[in-house]
Amino acid sequence: MPLATRPDDAVTLDLVEDVAGFLALRRDWEALFERSAAPSQLFQSHVFLRHWTTHYLSPDTRLSIVIARRAGELVMVWPLIRQRRYGLDTLRFMGVPVAQFGDVLVGDGEDALLKAGWAFIQTLRADLFEARKLRADSHLALSRLLDGAAHGDRQEAPFADLTRRVGESGPSLAYTARERSNHRRRLRRLEERGPVAYAMPPPGPDAARLAATAIAMKRATLARRGIVAPVINDSRFGAFFTDLAADASGEATLRIMCILSDGAPIGIDLSFDCKGHSFAHVLATDPDHEHDGIGKILIHHSFAGARARGSTVFDLLAPAEPYKREHADGCVAVSDRLRPLSLKGRLACHLGIQHWRPMLKSVVKRLPAGLSRHVMPAPRQGS
């Protein structure tokens, strides 16, 4: 349903509601991404969302992608979905729950275009607009269109400057002498258990096998620690990463770093590369090697691998857990925001719906592991 804005700038807005329409945008979407996307918008890339639709687009979810063209050229994409949640029609970003940041694809300085997109969204008769994991430096946050929105979970995403974190043979002088010494000691202790090797397979069958192993390791570690993680334990999570790792088309940017001991993988990093930045989505270690400090070894190995691939920044993603802060050269604020679009939506925000999810997570974390598994709802799309 096209909607013209001002005739002088020849901009039209339209809504794409089916997968065929989304796939048809591929070439134009990729061109817009190449010229306009920030590194952190890799989760709005067409290839990432294409794999997402394969695994996460369920019958109760409808695409609601708002696009804008200027003189025929695609100049803006709001990659949204529409879901019925808690009895409310909610617009959310595509990619949940695997996408780490949500945002609008649009060029810098396009405030009028963003406002036109927001006005269009308000005509879609939804009750709520939800922006999960919105970075403070994102186009949507900087536009201030969500000023006054209800805030939910607030976190920070730490990042490391690889130009100062990576040394010639391990941690750089940015780390204390003690930490550098501890790194060498951990490596020696690991080598005593068997030959240590490193692998970085290109996208394909070997990478897919390592991605599946990484997810299995992550689940085993979480289970051993009694941590409830419905998103990771959902079978779609593993299938999504396995397919991305196998994608040898040259478009997918998932990169895998692996540490092997005596031929068996004991530490695997699943990171995405985008425009000189790397994003660590899954850092997984063999729980049987926890006392070897394999987690610390893996981070330094991942830093070195990302630097060798040309990245200058390694984003450790939210939340800013203590082990991430040890390597951080800065943090970006990340928050969930909920903007009502109808009277029902305003009533829901007044009742504090934006706090229900973080409150449930907080309560479950305090329960014994055996009980929390029964309390937490089964995984579903967009949890």
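With Leu338, Leu347 as the choices, which residue is over 22 Å from Leu173 (Cβ atoms), of a type in the set (A, V, I, L, M, F, W, C) and in a helix (DSSP H, G or I)? Result: Leu347 is the single residue among Leu338, Leu347 that is over 22 Å from Leu173 (Cβ atoms), of a type in the set (A, V, I, L, M, F, W, C) and in a helix (DSSP H, G or I). Of everything in region 131-144 that is in contact with a helix residue (DSSP H, G or I) (Cβ under 7 Å, 6 or more places away or on another chain) and small (Gly, Ala, Ser), the residue that is least open to solvent (accessible area, probe 1.4 Å) is Ala131.
Looking at region 189-226 only, could you name the residues that are exposed (fewer than 14 other Cβ atoms within 10 Å of the Cβ) and of a type outside the set (Gly, Ala, Ser)? Within region 189-226, Arg189, Glu191, Glu192, Arg193, Pro195, Tyr198, Pro202, Pro205, Arg224, Arg225 meet the criteria. Arg184 falls short on exactly one of the conditions (1) of a type outside the set (Asp, Glu); (2) under 28 Å from Glu290 (Cβ atoms); (3) at pLDDT below 95, and that condition is (3). For Leu140, indicate whether it is in contact (Cβ under 8 Å) with a residue 12 or more places away in the chain and part of a helix (DSSP H, G or I). Spelling it out, Leu140 is indeed in contact (Cβ under 8 Å) with a residue 12 or more places away in the chain and part of a helix (DSSP H, G or I). As a summary of the residue check, Ile297 satisfies the conditions (1) open to solvent by 10 Å² or more (accessible area, probe 1.4 Å); (2) over 30 Å from Asp127 (Cα atoms) except for the one numbered (1).
For region 305-315, the candidate set comprises residues that are touching a Leu at 6+ places or on another chain (Cβ under 7 Å) and in a strand (DSSP E or B); within that set, the residue that is least open to solvent (accessible area, probe 1.4 Å) is Phe314. Kindly evaluate Gly330 against the criterion of being surrounded by fewer than 17 Cβ atoms within 10 Å (Cβ to Cβ), in contact with a Gly (Cβ under 7 Å, 6 or more places away or on another chain), farther than 30 Å from Ala119 by Cβ and modelled with pLDDT of 55 or more. When the stated conditions are applied, Gly330 does not pass them.
The combined condition, being modelled with pLDDT under 95, on the phi > 0 side of the Ramachandran plot and of a type outside the set (S, T, N, Q), is not fulfilled by Gly345.
Restricted to region 107-130, and to residues there that are closer than 25 Å to His350 by Cα and among the acidic types (Asp, Glu), the residue that is surrounded by the most Cβ atoms within 10 Å (Cβ to Cβ) is Glu130. Within region 145-182, the set of residues being part of a helix (DSSP H, G or I), aliphatic (A, V, I, L, M) and either surrounded by 17 or more Cβ atoms within 10 Å (Cβ to Cβ) or at positive phi (or both) comprises Leu162 only. Residues in region 258-283 that are open to solvent by less than 10 Å² (accessible area, probe 1.4 Å), closer than 24 Å to Pro158 by Cβ and over 16 Å from the mean Cα position of the chain (by Cα): Cys258, Ile259, Gly267, Ile268.
The values are calculated or read from the model by the stated rules, or taken from the named source; none is laboratory data. Note that this is a predicted model, so its numbers are computed, not measured. Cβ coordinates were reconstructed from backbone atoms using ideal geometry, including for glycine residues, and neighbour counts include every protein chain displayed. We work out accessible area using only protein heavy atoms, side chains counted, and drop any ligands, DNA or RNA first. Shrake-Rupley method; radii C 1.70, N 1.55, O 1.52, S 1.80 Å.
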